Amino acid sequence: MYEEVLPPERYLTTFVRTPRLLRKPVRQKDLEEVRAQIRDDATAQGFAKLEGPVAVAMNVYPPELGQQPELPKVIKAYLDALEGIAYDDDRQVEFLEVRQSSIRHPMMDGYTPEPVESDDASIFIEVEPVEDYTERYDRAVRVALFSREAPWWPDWSVRDENKLISRRRELESTPELDREPLQAVVRNYEERRLTDGILTDIDRPGAFPKASRAVHRILPLQRFHRMVRRRGGAAFWISLPGGQKGSSGSWKQELQEAMDEFKAREVGLPLRGFVALDIAVRGASLEGKDLDNLAHGILVRFEETLCVRRGTVSCYRVYTALGEPDGVQVRVLSATRLLGLNIILSNLRGKPPLEERVKRWGEDMQDRLNALAEERGFG
């Protein structure tokens, strides 16, 4: 059985339940109730407040009846509630992942939940150093090179492409009045292809490991990924938002123009299924802009422009990354791809890396050899 690699004080999990989700502006009484629950969990786990860059993941579950959260105000409220307990300032957050309950998704229209005794809102939060998240991500990438395991390998196949071509031809020869069912089939194939972008070693926060840095010095892999994603992947790029007064309007206009161009060139829109956004921030600092504010500015416009309705994006991750080019890369992925990533990384949390396992194996073998030598009088 594997021993825990991360000291408990470097990793905080907290499950907060309240009658309603916090949202900005927050009543002081509600804020203190949430902070008390977080503080109790931190104390029970022996968690020590983190000093450097941190990674935060949040699962948001609003009450099934009633409140539908405005995520920008909700996430900001809980990031503020973590201050002084998990970290000093939410500007330390260099990786943020948010997942929301599927009840809010447009596909759940018409769903009526069964009455329950307690219909509280809840949120599950994980906090850890960015370097710990990155270390697990890098391990998972190395394993995937041999296992061909998602999310680093495509799901869309040549067979799927041939089916799409066949259905399109069939649609062209179908009378107008009978097209609706087949249009839905074609539309589903197109969205699957559009959101089948894969993750690579560069799609995470923090500095690259030595091996990756060596490879990137020889091969322009980041430029290659940009070219591939521009030609065949659901991605677009915008500049970093400026901190200067009056620059917000021009950045929002640039964002809208990038989305309009994306909408004009891609098929499979508007998005209807469970989709995710992967937002990588590279280059200069955000000049006073928090990652959560940046993500929210993109998310609202994205759902208004490219989705059937608000709530279509069921999860997103935003992080500061190294490399080129400077700016913000926004990718559209299937939500199941990020779910698969989360499962893999969670499974690795309690497992030591290969180097540590080899070291332990070597130490164990040495102990056995010493015991054998002593038993036979060679010690």
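The values are calculated or read from the model by the stated rules, or taken from the named source; none is laboratory data. Given the structure is predicted, the values throughout are model-derived calculations rather than measurements. No Cβ is skipped: glycine too gets one built from the backbone with ideal geometry, and neighbour counts run over all protein chains shown.
Taking the criterion of being hydrophobic (A, V, I, L, M, F, W, C), assigned to a helix (DSSP H, G or I), touching a helix residue (DSSP H, G or I) at 6+ places or on another chain (Cβ under 6 Å) and at pLDDT 90 or above, would at least one residue in the range 223-246 satisfy it?
No, because not a single residue in the range 223-246 is hydrophobic (A, V, I, L, M, F, W, C), assigned to a helix (DSSP H, G or I), touching a helix residue (DSSP H, G or I) at 6+ places or on another chain (Cβ under 6 Å) and at pLDDT 90 or above.
Checking the condition touching a Gly at 6+ places or on another chain (Cβ under 6 Å), of a type outside the set (Lys, Arg) and modelled with pLDDT under 95, which residue from 63, 72, 8 passes?
On the way: 63 fails: touching a Gly at 6+ places or on another chain (Cβ under 6 Å); 72 fails: touching a Gly at 6+ places or on another chain (Cβ under 6 Å).
It is 8.
Touching a residue at least 40 places away in the same chain (Cβ under 8 Å), in contact with a helix residue (DSSP H, G or I) (Cβ under 8 Å, 6 or more places away or on another chain) and more than 30 Å from residue 34 (Cβ to Cβ), is that true of residue 192?
yes
May I ask you to say which residue of 212, 239 is surrounded by fewer than 19 Cβ atoms within 10 Å (Cβ to Cβ) and closer than 30 Å to residue 344 by Cα? Before you say what the answer is, go through the steps one by one.
Details: 239 fails: closer than 30 Å to residue 344 by Cα.
Result of the check over 212, 239: 212.
Could you please find all residues in the range 197-209 being in a loop (DSSP other than H, G, I, E, B), of a type outside the set (A, V, I, L, M) and crowded, with 19+ Cβ neighbours inside 10 Å?
Result: 197, 201, 203, 204, 205.
From the list 137, 189, which residue is in a helix (DSSP H, G or I), in the same structural domain as residue 275 (by TED's automatic domain parsing), surrounded by 15 or more Cβ atoms within 10 Å (Cβ to Cβ) and among the hydroxyl-bearing types (Ser, Thr, Tyr)?
After ruling out the rest, the residue left standing is 137.
Restricting the first residue to the range 241-259 and requiring it to be over 21 Å from residue 282 (Cβ atoms), which pairs with a second residue that is at pLDDT 85 or above meet a Cβ separation below 9 Å and a spacing of at least six or different chains?
256/301; 256/305
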